[in-house]
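No lab work stands behind these numbers, since they all come straight from the coordinates. Here the structure is a predicted model, which is why all the values come from computation and not from measurement. Here the Cβ positions follow ideal geometry from the backbone for every residue, glycine too, while neighbour counts run over all protein chains shown.
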Amino acid sequence: MPPVPDDRRTAPGGSELPGRGVELMELTLVSDELGTFTVPLGGPGRGTPYELPGGAVVSIVLTFRLGTDTDGLVFETVRVREGEQPVTRRSALGSFRAGGPYEIRLPPERLPLGRAHCGTYDVTARMSDAAGIEHARVKHRFTLVHRLPGSAVQGDPHRIGRR
């Protein structure tokens, strides 16, 4: 993938975008079981990992705007935990006209299950076009926690699944 152009600037909400590209306005995790959690893209809480229960089924919802018509928009996440191989997930979003906001809900993904997978993960989310030019990049962190089947994760406001 080619490097991000040097005219990168920070967009509202914390996503980085080149002058002609994509503004990632919101990245939300949605689960029928856990509810909804908006990942902080900027400001306080941006570097603080949020907690997710192991084995949870989660969909990513993207809200974005485009500065120009864009062909073959792709969303990719790379999830890394110390001592493990990176896990990459790539979703083709399609072609879009300039404007928006657009909202896309990606297919659900089951998070790793079991105590061996518990720990903090660093995630890099990127949006690029058919030519491979990166238009937006966001980094965030989450901690995968063990839970008993059918139980909710309790307490901390950075946890989703609280009831």
- Query: Convex hull over the alpha-carbon atoms of the stretch 18-76: what's its volume per residue in Å³?
  - Reply: 119 Å³
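To the nearest 20 debye, what is the magnitude of the charge dipole of the stretch 91-144 about its Cα centre, counting +1 on the Cβ of each Lys and Arg and -1 on the Cβ of each Asp and Glu? The partial results should precede the final answer.
Numbers: 8 positive and 5 negative charges, 35 e Å.
Dipole magnitude for the stretch 91-144 comes out near 180 debye.
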- Under a 5 Å amide H to amide H cut-off, with H placed in plane at 1.01 Å, what residues pair with residue 93 once short-range neighbours are removed? 73, 74, 75
